[in-house]
Amino acid sequence: MSQPLRIGLISDTHGLLRPEAVAFLQGCNHIVHAGDIMGGEILARLSAIAPLTAVRGNNDVGDWADALQETETVRLGGTLLYALHDLAQLRTDPPPADARIVVSGHSHKPLVARREGGVLFVNPGSAGPRRFTLPISIGEAFIDGDAVSARIVDLLTGKDL
């Protein structure tokens, strides 16, 4: 029996890639950054850990961000994952019908929820500078055959949120 795929989920780094985030992402099969990266050097560091899919957030501007799309799809272990920065974009850019995981950022609020058709929606929260009283967090999704699951972790305490 094969091991489940472990997908690292990160968002809203806002120019800060914490050492705790780098440590958490070690051993991932793939990483998805859901935008507000604010620096190509962060993408380079993440892609040195594992293959990377990243989308452009509303704060991602400049030459380095020109290559980033607002939405991306990636098939991992036969499962289609759809990434975008702001869930409000779903009104104009809905996920493909066969998407099983939707990853977003923007709100800085961690979320793991099953929605219409059993699609798993995940917002890993913000791994960058603290905003208000929201946690500094990161996530991971697991793909094991047809089963998909996810969790969010507080980067500073290591506890599940």
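The values are calculated or read from the model by the stated rules, or taken from the named source; none is laboratory data. Note that the coordinates shown come from a computational prediction; the quantities given were computed from them, not determined experimentally. So basically every Cβ, Gly included, is an ideal-geometry build from the backbone, and we count neighbours across all protein chains shown.
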Contacts under 9 angstrom Cβ, first residue in the range 143-161 being exposed (fewer than 15 other Cβ atoms within 10 Å of the Cβ), partner acidic (Asp, Glu), 6 or more apart: Leu156/Glu20; Gly158/Glu20; Asp160/Asp154
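Any chance you could count how many residues in the range 114-161 are aliphatic (A, V, I, L, M) and over 19 Å from Gly8 (Cβ atoms)?
Keep residues of the range 114-161 that are aliphatic (A, V, I, L, M), which gives 119-120, 122, 127, 134, 136, 138, 141, 143, 147-148, 150, 152-153, 155-156, 161.
Still in the running and over 19 Å from Gly8 (Cβ atoms): 119, 134.
Of the residues in that region, 2 qualify.
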Kindly establish whether Gly77 is buried (at least 23 other Cβ atoms within 10 Å of the Cβ) and either within 24 Å of Ala99 (Cα to Cα) or modelled with pLDDT under 95 (or both). no
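Might you check whether a residue that is in contact with an Asp or Glu (Cβ under 9 Å, 6 or more places away or on another chain) and crowded, with 21+ Cβ neighbours inside 10 Å occurs anywhere in the range 40-50? Even if it seems obvious, please write down each step before you answer.
Within the range 40-50, the first condition is being in contact with an Asp or Glu (Cβ under 9 Å, 6 or more places away or on another chain), and the residues that meet it are 40.
Still in the list and also crowded, with 21+ Cβ neighbours inside 10 Å: none.
Checked against the condition, which is being in contact with an Asp or Glu (Cβ under 9 Å, 6 or more places away or on another chain) and crowded, with 21+ Cβ neighbours inside 10 Å, the range 40-50 yields no hits at all.
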Residue set Val32, Val55; condition aliphatic (A, V, I, L, M), touching a His at 6+ places or on another chain (Cβ under 8 Å) and at pLDDT 95 or above; output residue Val55
All but one of (1) modelled with pLDDT under 95; (2) surrounded by fewer than 18 Cβ atoms within 10 Å (Cβ to Cβ) hold for Pro95, so report the exception by its number. (2)
When the range 110-161 is checked residue by residue, the ones that are of a type in the set (D, E, K, R) and either part of a strand (DSSP E or B) or closer than 22 Å to Leu46 by Cβ (or both) are Arg114, Arg115, Arg130, Arg131, Glu140, Asp144, Arg151, Asp154, Asp160
Flagged pairs (Cβ under 7 angstrom, 6 or more apart or on separate chains; first in the range 37-66, free of Cβ contacts under 8 Å to residues at least 12 places away in the same chain and of a type in the set (D, E, K, R); second loosely packed, with under 15 Cβ neighbours inside 10 Å and part of a helix (DSSP H, G or I)) are none
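Among Gln26, Gln3, which is of a type outside the set (A, V, I, L, M, F, W, C) and modelled with pLDDT under 95?
On the way: Gln26 fails: modelled with pLDDT under 95.
Testing whether each residue is of a type outside the set (A, V, I, L, M, F, W, C) and modelled with pLDDT under 95 leaves just Gln3.
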